[in-house]
Structures are given as C-alpha cells and as structure tokens.
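Let me begin by presenting the structure, written as structure tokens, before commenting on it.
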Amino acid sequence: GYTSLKALPGGGGSDIPLARVAGGRLDPACRDGAIRGLREFLGAGGRQPRKVPCAIPARGVSIRRLTLPVVPKDEMEALVALQLETELPLPPEELAWGFQVHTTIPALGGSNGPALAEVTVAALRREVLGEYRALLAECGIVPAFTVGAVAAASICPEAPGVSSVLDLGKAHSELLTLE
C-alpha cells in the first residue's frame with residue numbers, strides 16, 4: 001500500500017507502516033525499518049530469492065484497453081510501446097508496464113484487412129515500482145507485481161455481466177468495475 005506494507009502468508013500477517021517524504025518517496029529511516037520488519041516476518045528461512053505475488057495500490061496506475069492489429073508475439077510488445085506513446089504523457093522508458101492480449105477479432109467480413117487484438121495495458125511511473133522492488137529485494141523477494149484490486153477480483157467468483165470489487169481502506173479506497 002501507499003502507507004503500509006502488508007505481508008500475508010497463509011493464515012497470519014503483518015502490517016508494516018511506510019512513511020513518505022515530500023514528493024512521495026519512502027522516508028529513508030522508514031525504509032530501513034520496513035526492511036527489518038519484513039525480514040523479521042519472513043524469519044530465518046535463509047536469503048534464497050523467492051518469487052512472490054505483490055499487489056500494489058491502484059494510485060498512479062493507468063489501465064487502458066487497446067485494439068491493435070494482430071502481429072507475431074515477439075512484435076506485440078513493440079507495438080504496445082508505440083501505442084503507449086500516444087496514450088500516456090510519459091514515454092514508455094519512464095514507465096513500468098505490462099499487457100495482456102484477451103481476444104482476437106477476425107478481419108471484418110472476411111476481408112484481407114488485419115485481424116485485431118483486444119489488449120489491456122497497465123502502466124505507472126517506473127520509479128514507483130523501483131522503490132518497492134528494491135525494498136523487497138533486500139529481503140530476498142523477487143516480486144511479481146499486479147494491481148491490488150485486480151488481485152482481489154481474481155479471488156472472487158466470476159459473475160456474468162458487470163460486477164465491481166470495492167477495497168475499503170483507512171485513507172484510500174479502490175473500486176474496480178469488471179465487464
């Protein structure tokens with residue numbers, strides 16, 4: 001989260017406070033305390049790197065649904081990066097972003113035109129994820145980031161039509177609407 005790091009293995013959990021300085025970066029003393037708290041939580045299981053799913057707050061995350069021509073898999077990332085340049089105010093190299101191709105739409109009316117792909121892209125400033133990634137790496141964690149509301153939606157039963165997931169927090173809440 002923006003104000004705390006929540007560690008949740010199986011049944012128990014830990015809530016480690018995060019303090020920020022002007023500009024939103026983590027306070028250095030708080031960062032050191034968060035590393036100590038997370039290491040204590042993880043215990044003496046060694047410093048072997050382990051991949052862990054990490055949900056981040058939606059604050060600052062931009063999610064876009066794009067329709068792009070179908071291209072070979074190895075070219076899709078470059079095509080999405082080009083589209084991001086027109087969709088967002090920051091260049092792709094200043095962003096941490098990922099995408100998922102959902103469906104392919106055949107060319108209209110059997111024409112020779114290109115088939116289209118529905119793609120969802122999530123992006124945020126690279127420095128935000130970099131700060132979380134560095135903190136977690138000090139504890140032997142290799143994070144696999146996802147947006148918290150999306151992670152919450154994935155554990156809910158799928159409902160037909162439109163549904164919503166609301167995450168109520170002390171200072172911030174997140175609402176995700178799914179179609």
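Would you mind finding the one in Lys6, Lys51, Lys73 that is closer than 17 Å to Gly130 by Cα and not β-branched (Val, Ile, Thr)? Outline the logic, then answer.
On the way: Lys6 fails: closer than 17 Å to Gly130 by Cα; Lys73 fails: closer than 17 Å to Gly130 by Cα.
Of the residues listed, the single one that is closer than 17 Å to Gly130 by Cα and not β-branched (Val, Ile, Thr) is Lys51.
Mind listing just one residue for me: the one in the range 128-139 that is among the charged types (D, E, K, R) and touching a residue at least 24 places away in the same chain (Cβ under 8 Å) and, of those, nearest to Leu84 (Cα to Cα)? Spell out how you get there, then give the answer.
Taking the range 128-139 first, the residues among the charged types (D, E, K, R) are 131, 133, 138.
From what's left, touching a residue at least 24 places away in the same chain (Cβ under 8 Å): 131, 138.
On the way: Glu131: 23, Glu138: 31 Å.
In this case the residue turns out to be Glu131.
Give the residues of the range 15-35 that are touching a strand residue (DSSP E or B) at 6+ places or on another chain (Cβ under 8 Å) and either basic (Lys, Arg) or not in a loop (DSSP other than H, G, I, E, B) (or both), sorted by residue number. Outline the logic, then answer.
Keep residues of the range 15-35 that are touching a strand residue (DSSP E or B) at 6+ places or on another chain (Cβ under 8 Å), which gives 15-20, 26-27, 30, 33-34.
Matches in the range 15-35: Asp15, Ile16, Pro17, Arg20, Leu26, Cys30, Gly33, Ala34.
Conditions (1) of a type in the set (Val, Ile, Thr); (2) touching a helix residue (DSSP H, G or I) at 6+ places or on another chain (Cβ under 7 Å), marked per residue:
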site	(1), (2)
Leu136	no, no
Cys139	no, yes
Val142	yes, no
Val150	yes, no
Ser154	no, no
Val162	yes, no
Gly169	no, no
Glu174	no, yes
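Does Pro57 satisfy the condition of being more than 30 Å from Leu116 (Cα to Cα), touching a residue at least 12 places away in the same chain (Cβ under 8 Å) and surrounded by 17 or more Cβ atoms within 10 Å (Cβ to Cβ)?
Working: more than 30 Å from Leu116 (Cα to Cα): yes; touching a residue at least 12 places away in the same chain (Cβ under 8 Å): yes; surrounded by 17 or more Cβ atoms within 10 Å (Cβ to Cβ): yes.
When the stated conditions are applied, Pro57 passes them.
How many residues does the range 17-29 contain that are out of contact with any Ser or Thr (no Cβ under 9 Å at 6 or more places or on another chain) and crowded, with 17+ Cβ neighbours inside 10 Å? Break it down stepwise before answering.
Just the residues of the range 17-29 that are out of contact with any Ser or Thr (no Cβ under 9 Å at 6 or more places or on another chain), to begin with: 21-29.
Then keep just the ones that are crowded, with 17+ Cβ neighbours inside 10 Å; that gives 26.
Of the residues in the range 17-29, 1 are out of contact with any Ser or Thr (no Cβ under 9 Å at 6 or more places or on another chain) and crowded, with 17+ Cβ neighbours inside 10 Å.
Arg133 passes all but one of (1) closer than 30 Å to Leu18 by Cβ; (2) touching a Lys or Arg at 6+ places or on another chain (Cβ under 9 Å); which number fails?
(2)
Just so you know, all these numbers are worked out from the coordinates, no wet-lab data involved. Bear in mind the structure is a predicted one, so any value in this text is a computation, not a measurement. No Cβ is skipped: glycine too gets one built from the backbone with ideal geometry, and neighbour counts run over all protein chains shown.
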